[in-house]
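Novice: Here it is, the structure in full.
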Amino acid sequence: MGVRVVDDGDWYGEGEVKVYRDGDTDLPTICGTGLEDYVGSAWGLGRFHSAYSGAPLVLSEKGDAEPMGTQPDMVGFYRWHLPDPIMFERDVRVTIQQIGAQGFAPGQEAEFEAYARDHPVAGNGWLRDLSPALLAWGIAERVDDYCATAFVYCTEAQAVPRVDPAVATADIARFPYEPMGPTELLARSIAGYEGDLGG
């Protein structure tokens with residue numbers, strides 16, 4: 001899964017992964033406790049990898065100095081259900097909520113009112129006056145750019161709609177601070193060399 005973080009809230013990773021199996025529609029068969037918990041890092045999604053889950057891409061202007069639990073620009077993560085497969089007979093639907101955490105300090109009353117107006121609360125709503133240093137804190141709906149790929153083993157082949165890569169990536173550009181990786185540098189140098197030869 002990939003997330004391009006575009007919402008201006010503090011933290012994007014509270015969305016629950018929900019699995020609806022074999023006719024469950026009103027309530028999920030399986031309901032998680034948050035994106036970072038589902039991926040396996042909890043309390044923030046920093047860069048890591050393991051056999052069954054990981055976040056190999058956490059892109060931020062501060063690089064690896066960005067503390068976990070803060071707002072990166074882009075995140076790529078995986079979760080393989082090999083030791084804990086999700087079995088279904090007829091149908092399955094997997095969703096993830098786009099919710100995150102947001103806090104406001106005293107003096108940010110106008111910012112809080114504007115954010116609360118455009119971001120419906122989730123969970124217990126806005127907690128007010130928790131401490132002298134905190135005006136309000138809560139979990140709220142967000143608008144970030146999510147993309148996902150899922151691999152499912154089926155007894156019969158099923159048609160999958162094709163994705164147009166040009167449309168899917170039309171508004172994605174390299175961040176000003178994002179350097180080219182070694183593989184991309186090599187590919188560009190090879191392409192340039194072949195271009196000089198006319199091939």
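Novice: Collect the residues in the stretch 1-35 that are small (Gly, Ala, Ser) and touching a strand residue (DSSP E or B) at 6+ places or on another chain (Cβ under 7 Å), keeping them in residue-number order.
Specialist: Hits for the stretch 1-35 are GLY2, GLY9, GLY13, GLY15, GLY32.
Novice: Considering each residue of the stretch 1-16, count those that are part of a strand (DSSP E or B), closer than 29 Å to PHE112 by Cβ and of a type outside the set (A, V, I, L, M, F, W, C), and give that number.
Specialist: Adding up the residues that qualify gives 1.
Novice: Check off (1) farther than 14 Å from ASP8 by Cα; (2) among the β-branched types (Val, Ile, Thr); (3) in a loop (DSSP other than H, G, I, E, B) for VAL143 and give me the number that stays unchecked.
Specialist: In the conditions (1) farther than 14 Å from ASP8 by Cα; (2) among the β-branched types (Val, Ile, Thr); (3) in a loop (DSSP other than H, G, I, E, B), VAL143 misses (1) alone.
Novice: Would you pick out the residues in the stretch 173-194 that are surrounded by 11 or more Cβ atoms within 10 Å (Cβ to Cβ) and under 26 Å from ILE96 (Cβ atoms)?
Specialist: PHE175, GLU178
Novice: Which one is surrounded by the most Cβ atoms within 10 Å (Cβ to Cβ), of the residues in the stretch 1-32 that are among the β-branched types (Val, Ile, Thr) and more than 20 Å from PRO120 (Cβ to Cβ)?
Specialist: VAL19
Novice: Return yes when ASP91 is of a type in the set (Asp, Glu) and without any contact (Cβ under 8 Å) to a residue 24 or more places away in the chain and no when it is not.
Specialist: So ASP91 fails the test.
Novice: Please count how many residues of the stretch 117-170 are of a type in the set (Gly, Ala, Ser), exposed (fewer than 10 other Cβ atoms within 10 Å of the Cβ) and at pLDDT 85 or above.
Specialist: Here the count works out to 3.
Novice: Also, quick follow-up: Any residue at all in the stretch 118-140 that is in contact (Cβ under 8 Å) with a residue 60 or more places away in the chain, out of contact with any helix residue (DSSP H, G or I) (no Cβ under 7 Å at 6 or more places or on another chain) and farther than 18 Å from TYR12 by Cβ?
Specialist: No; the residues of the stretch 118-140 include none that is in contact (Cβ under 8 Å) with a residue 60 or more places away in the chain, out of contact with any helix residue (DSSP H, G or I) (no Cβ under 7 Å at 6 or more places or on another chain) and farther than 18 Å from TYR12 by Cβ.
Novice: Name the single residue that is nearest to TYR146 (Cα to Cα) among those in the stretch 99-117 being in contact (Cβ under 8 Å) with a residue 60 or more places away in the chain and outside any helix (DSSP H, G or I).
Specialist: ILE99
Novice: Still on this structure, I have one more. Do we find that ILE96 is hydrophobic (A, V, I, L, M, F, W, C), out of contact with any helix residue (DSSP H, G or I) (no Cβ under 7 Å at 6 or more places or on another chain) and touching a residue at least 40 places away in the same chain (Cβ under 8 Å) in this structure?
Specialist: When the stated conditions are applied, ILE96 does not pass them.
Novice: Quickly run through the stretch 17-41 and pick out the residues that are without any contact (Cβ under 8 Å) to a residue 24 or more places away in the chain, under 9 Å from ARG93 (Cβ atoms) and part of a strand (DSSP E or B).
Specialist: None; the set is empty.
The values are calculated or read from the model by the stated rules, or taken from the named source; none is laboratory data. In this text the structure is predicted, and so the values were computed from the model without any measurement. So basically every Cβ, Gly included, is an ideal-geometry build from the backbone, and we count neighbours across all protein chains shown.
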